[in-house]
Amino acid sequence: MSSDEAAGHLLGRAVAEQADESILAGDVVDLGKLSPVTFDPALRAYRTLGPVVGKARSEGMSLR
């Protein structure tokens with residue numbers, strides 16, 4: 001793990017992961033079921049992730 005207190009950065013490495021079966025979609029975590037919370041430093045608020053708004057590859061290909 002390393003940190004840069006002046007910049008406010010903290011870097012680490014995940015050494016293990018676990019997930020309850022209720023939030024899995026097959027063998028991956030479904031973020032809609034998990035409803036993770038993150039900190040928004042600009043507004044100094046906690047936020048949740050919203051719904052899916054498009055599929056990355058198929059939506060992006062239409063912009064070419």
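What does the charge count around Leu11 come to, taking other residues whose C-beta lies under 14 Å from its C-beta (Lys +1, Arg +1, Asp -1, Glu -1)?
Values: positive: Arg13; negative: Asp4, Glu5.
Cβ neighbours under 14 Å give a net charge of -1.
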Next on the checklist: Suppose each label sits 7 Å from its Cα in the direction of the beta carbon; what would the Lys55-Phe39 distance come out to in nanometres?
Outcome noted: 3.7
Checklist entry - Which value, in debye to the nearest 20, describes the size of the charge dipole of the chain about its Cα centre when Lys and Arg Cβ atoms bear +1, Asp and Glu Cβ atoms bear -1, and nothing else is charged? => result 360
Item to check | Residue (of Gly32, Ala16, Met61) at the positive-pole extreme of the chain, dipole from beta-carbon charges | outcome: Met61
Checklist entry - Mind listing the phi-derived Karplus ³J(HN,Hα) values for segment 49-64, rounded to whole Hz, using 6.51, -1.76 and 1.60 with θ = phi - 60°, and x for any glycine or proline? => result 6, x, x, 5, 10, x, 8, 4, 6, 5, 5, x, 5, 6, 8, 5
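Could you tell me which GluC sites (Glu not before Pro) in segment 1-56 are loop residues by DSSP with no more than 16 other beta carbons within 10 angstrom of their beta carbon?
Here the sparse-neighbourhood loop sites are Glu5, Glu17.
With a probe of 1.4 Å, find how much accessible area the chain has per residue, and write the answer as a whole number in Å².
Working: 6390 Å² over 64 residues.
Solvent-accessible surface per residue comes out at 100 Å².
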Item to check | Spacing of the two label points (7 Å from each Cα toward its C-beta) at Leu11 and Asp27, in nm | outcome: 3.0
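The values are calculated or read from the model by the stated rules, or taken from the named source; none is laboratory data. The structure displayed is predicted, hence computed values, not measured ones. We place every Cβ from the backbone using ideal geometry, glycine too, and count neighbours over all the protein chains shown. Heavy atoms of the whole protein, side chains included, go into the accessibility calculation; ligands, DNA and RNA do not. Shrake-Rupley method; radii C 1.70, N 1.55, O 1.52, S 1.80 Å.
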